[in-house]
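Colleague: Input: one structure, supplied below.
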Amino acid sequence: MIRGFGPQEKVMVWEKSAHENDRKAKYGGGEGTSGAKRDLLGYGPATPSATWPKNAKVALNFVINYEEGGEQCILHGDGASESLLSDISGAVPLEGQRNMNMESLYEYGARAGFWRLHRLFTKKKVPVTVFAVGMALERNPAVCHALKEQKDWEVASHGYRWQDYQNVDEDTEREHINRSIQIHERVLGKRPVGFYQGKPNENTRRLVVEEGGFKYDSDSYADDLPYWNMDYNDGHLHLVIPYTLDMNDMRFCAPNGYANGEDFARDLKENLRYLVDEGRSGSCKMMTVGLHCRLARPGRAAAVAEFLDFAKSYGREVWICTREEIADHWMEHHFPKGAGSPMKAGDTPSQQIAELDMKKSGGGSGEVDLSVFKKKEDSASADEDDGDII
């Protein structure tokens, strides 16, 4: 339980700036918000001890984004050319036109970049997660065959298109999610259990939960650990495994980002070194490295190779794994106790609040301490303004 700031000596009325969500750490989910809520508390000071396999201090996951062939292009029926995440600085969409330079940069990812990363990770015998765009998979049977051959790799859904879903209507997005699943089943022989839209909207997670076959989604950057979400389907427990935009080769395309491979390798090493130190102190975390096939030029790949050797030098302290393995581990070892169990008729309000708070907090591996609930039974529904129970 995290307490608020306590009662104020004088209540002020702020006519120009007051809002119904003021002073709330968890809010949203009302009418017009598709149930999507904000949570600024997370685990707070009570971060669960992530008991990674073999007492590892860090769970390290590499993600290869396979998007090439699913980007915006008038040859795909789109109204403009692609403009994002390439080595063309300041690119803008060309309405009704093809951008030949952009198209060839994306083609590099499918023709050369993927295979460079494939050779690197298979040579090093390192498992990876692939965020694969459905339309892109359909266009490259050779890539699909290579992915099927790697039994220790995971292929998660990156949606049907590499596009911004901010203003895509709900029915279209639902169809895209389902179509992507069907493509995975057809070209890879199995459905995806992970999902990452990349540029989602407030409907996306609800649609993923409603589909019912995903173990997790990664459309979040909110934590260093997986966490449970209960916003949809009447409190259905859904696992979120946060992704990264900082330990990501996309920063080669960002202003003031990586200038060369040395920058990339140094940044990755510093992050892992610090996380291992945290883990040795009892606060184990996860780390994700994001990669893109069209950005996999030789010098950048060399940085990844250097970092791989660095990560392996820690031995068992660094568990290199897929996101599905992280999901399975979290479900087995950090599933909220009592989650899904109905309240007993004789439970007191404090017991009910304790179980509800435990469920909604992200659920660590410890028992709920009822002693923290000191309010009288008849006042268990705490005053929001006092912030006693959030």
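Colleague: If I model a spin label at residue 107 and residue 312 as a point 7 Å from the Cα along the Cα→Cβ vector, what separation in nanometres do I get?
Modeller: The modelled label-to-label distance comes out at 3.5 nm.
Colleague: Right, next: In nm, what is the difference between 0.36 nm times the number of residues separating residue 266 and residue 40 and their Cα-Cα distance? Don't skip to the end; give the middle numbers.
Modeller: Values: separation 226, 0.36 × 226 = 81.36 nm, distance 3.05 nm.
My answer for the length gained is 78.3 nm.
Colleague: What is the extension gain from residue 202 to residue 236, computed as 0.36 nm multiplied by their sequence separation minus the C-alpha to C-alpha distance, in nm to one decimal? If you can, show how the numbers build up before the last one.
Modeller: Values: separation 34, 0.36 × 34 = 12.24 nm, distance 1.73 nm.
Difference between extended and current length: 10.5 nm.
Colleague: Let me ask something else about it. What is the distance, in nm, between label points placed 7 Å from the Cα along the Cα-to-Cβ direction at residue 222 and at residue 125?
Modeller: 3.9
Colleague: Which FRET efficiency value, to the nearest 0.05, is calculated for residue 75 and residue 256 with the Förster distance at 25 angstrom and r the Cβ-Cβ distance? Mind dumping the intermediate values first?
Modeller: On the way: r = 34 Å, r/R0 = 1.35.
With a Förster radius of 25 Å, E is 0.15.
Colleague: Follow-up question, since we're still on this one. Just the number please: accessible area per residue for the stretch 36-143, 1.4 Å probe, all protein chains included, in Å².
Modeller: On the way: 4830 Å² over 108 residues.
Accessible surface, normalised per residue, equals 45 Å².
Colleague: Under unit Cβ charges (Lys, Arg +1; Asp, Glu -1), what dipole magnitude, rounded to 20 debye, does the stretch 246-343 have relative to its Cα centre?
Modeller: On the way: 13 positive and 15 negative charges, 18 e Å.
Value, rounded to 20: 80 debye.
Colleague: Could you list the GluC sites (Glu not before Pro) in the stretch 87-144 that lie in coil according to DSSP, counting only those with at most 15 other Cβ atoms within 10 Å of their Cβ?
Modeller: Details: sites: 95, 103, 107, 138; in loops: none.
Nothing satisfies the criteria.
Colleague: State whether the stretch 155-252 is rounded, prolate or oblate according to the following rule on the C-alpha gyration tensor (a ≥ b ≥ c being the square roots of its eigenvalues): a/c under 1.5 gives rounded; otherwise a/b larger than b/c gives prolate, and the remaining case gives oblate.
Modeller: On the way: a/c = 1.32, a/b = 1.09, b/c = 1.21.
Verdict is rounded for the stretch 155-252.
Colleague: Tabulate in residue order the Karplus-calculated ³J(HN,Hα) for the stretch 154-165, using 6.51 cos²θ - 1.76 cosθ + 1.60 with θ = phi - 60°, rounded to whole Hz; enter x for Gly and Pro.
Modeller: So the Karplus estimates, Gly and Pro as x, are 10, 10, 9, 7, 10, x, 7, 10, 8, 8, 7, 8 Hz.
Colleague: Rounded to the nearest percent, how much of the accessible area of the stretch 184-279 (1.4 Å probe, protein heavy atoms only) is carbon and sulfur? Walk me through the numbers before you get to the answer.
Modeller: Numbers: 1730 of 4010 Å².
The C+S portion of the solvent-accessible surface of the stretch 184-279 is 43 percent.
Colleague: Still on this model: Got a sec to turn the phi values of the stretch 240-247 into Karplus ³J(HN,Hα) couplings, 6.51 cos²θ - 1.76 cosθ + 1.60 with θ = phi - 60°, whole Hz, x for Gly and Pro?
Modeller: Using θ = phi - 60°, the values come out as 10, 10, x, 9, 9, 10, 9, 8 Hz.
Colleague: Residue 216's amide H: which non-local residues (gap 5+, or another chain) put their own amide H closer than 5 Å, with H modeled 1.01 Å from N in plane and none for Pro or chain starts?
Modeller: Residues meeting the criterion, in which the H sits 1.01 Å from N, are 195.
Colleague: Sort 279-289, 251-261 for me by packing, meaning the mean count of neighbouring Cβ atoms within 10 Å per residue, highest on top. The partial results should precede the final answer.
Modeller: On the way: 279-289: 18.4, 251-261: 14.7.
In decreasing order of mean packing, 279-289, 251-261 become 279-289, 251-261.
Colleague: Further question on the same structure: Residue 146 to residue 16: FRET efficiency via 1/(1 + (r/R0)^6), r the Cβ-Cβ distance, R0 45 Å, to the nearest 0.05?
Modeller: Working: r = 60 Å, r/R0 = 1.33.
Once the sixth-power term is evaluated, E becomes 0.15.
Colleague: At 0.36 nm per residue, minus the direct Cα-Cα distance, what do residue 175 and residue 333 gain on full extension? Give it in nm, one decimal, please.
Modeller: Numbers: separation 158, 0.36 × 158 = 56.88 nm, distance 3.39 nm.
In short, 53.5 nm is gained.
Colleague: With label points built 7 Å along Cα→Cβ from the Cα atoms of residue 277 and residue 186, find their separation and express it in nm.
Modeller: Simple spin-label model gives 5.2 nm for this pair.
Colleague: Determine the share of the stretch 90-141's accessible area contributed by carbon and sulfur atoms, expressed in whole percent, with a 1.4 angstrom probe.
Modeller: Whole-percent figure for carbon plus sulfur exposure: 51.
The values are calculated or read from the model by the stated rules, or taken from the named source; none is laboratory data. Everything numeric here is computed off the predicted structure, so don't read it as measured data. Virtual Cβ from ideal backbone geometry, glycine too; neighbours counted across all protein chains shown. Each accessible area value is taken on the protein alone, full model and side chains, heavy atoms only, with ligands, DNA and RNA left out. Shrake-Rupley method; radii C 1.70, N 1.55, O 1.52, S 1.80 Å.
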